[in-house]
Amino acid sequence: PQGTEDTSPRRSAWGLLVAGGLGASLLALHAVVTPFVMPALRRVCLPFVPATSTQVENVLEMLRGRRGPLVDIGSGDGRIVIAAAKRGFKAVGYELNPWLVWYSRYCAWRDGVHQNAKFYISDLWKVSFSHYANVVIFGVPQMMPQLEKKLEEELQHNARVIACRFPFPCWIPDHTTGEGIDTVWAYDLKTSMNVKQCLEMTPKTEF
């Protein structure tokens with residue numbers, strides 16, 4: 001019948017349109033979700049968990065009186081870097097998730113600190129932190145021993161490392177503030193490494 005012949009091409013066209021729209025939607029979803037899922041597939045996972053306002057204030061307290069360039073390792077949505085830039089620091093954030101980096105750059109521009117707050121897409125293990133005087137890290141227990149060794153090898157002795165949520169396994173903190181998930185540990189590298197070396201050299205007493 002003539003009616004059937006007329007509607008068949010229309011149905012075919014609609015089918016192609018729906019299939020194309022579904023494919024585009026899935027592709028867009030994949031592009032957005034993948035950067036957030038990929039960290040879970042890495043050997044050492046550093047998931048994105050936004051810093052609380054208390055954590056940000058505790059970090060800023062540990063930076064009181066400090067000078068020199070600052071880096072946030074795994075900078076997430078950029079709130080630590082932006083807060084530090086507002087306090088006068090030249091601050092840099094390294095983050096593997098491109099969506100978070102672009103969002104951080106926008107927030108820095110919106111808050112008027114984009115000149116002092118820079119963000120880069122990079123794997124923290126491929127970055128040298130040798131020229132930073134202040135280091136902030138929201139880490140996980142699995143990565144802290146390896147990161148401790150990397151920072152020992154790269155940082156100058158006058159550097160301060162600020163750890164949030166989890167402390168380093170061997171360093172002795174010079175300052176601690178906060179409670180629970182808001183706890184922040186500050187390590188002045190020179191004293192922390194000296195104490196560590198003294199503990200390693202002290203003979204163990206056997207009973």
(1) part of a helix (DSSP H, G or I); (2) touching a Leu at 6+ places or on another chain (Cβ under 7 Å) all hold for residue 161 apart from (1)
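With respect to residue 104, is the statement that it is assigned to a loop (DSSP other than H, G, I, E, B), within 14 Å of the chain's Cα centre (by Cα) and crowded, with 18+ Cβ neighbours inside 10 Å true?
The answer is no for residue 104.
Taking residue 176, is it more than 14 Å from residue 132 (Cβ to Cβ), hydroxyl-bearing (Ser, Thr, Tyr), in a strand (DSSP E or B) and over 19 Å from the mean Cα position of the chain (by Cα)? Explain how you work it out, then say what you get.
Details: more than 14 Å from residue 132 (Cβ to Cβ): yes; hydroxyl-bearing (Ser, Thr, Tyr): yes; in a strand (DSSP E or B): yes; over 19 Å from the mean Cα position of the chain (by Cα): yes.
When the stated conditions are applied, residue 176 passes them.
Look at region 48-90 and say how many of its residues are outside any helix (DSSP H, G or I), touching a Leu at 6+ places or on another chain (Cβ under 9 Å) and over 19 Å from residue 189 (Cα atoms).
Going residue by residue through region 48-90, those that are outside any helix (DSSP H, G or I) are 48-52, 63-78, 87-90.
Remaining after also requiring touching a Leu at 6+ places or on another chain (Cβ under 9 Å): 48, 63, 70, 73-78, 87, 89-90.
Now restrict to residues that are over 19 Å from residue 189 (Cα atoms): 48, 74-78, 87, 89-90.
The number of residues fulfilling the criteria is 9.
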Need the failing condition index for residue 62 against (1) surrounded by 17 or more Cβ atoms within 10 Å (Cβ to Cβ); (2) modelled with pLDDT under 95; (3) out of contact with any helix residue (DSSP H, G or I) (no Cβ under 8 Å at 6 or more places or on another chain), just the number. (2)
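The values are calculated or read from the model by the stated rules, or taken from the named source; none is laboratory data. Remember, it's a predicted structure, so these values are computed and weren't measured experimentally. We place every Cβ from the backbone using ideal geometry, glycine too, and count neighbours over all the protein chains shown.
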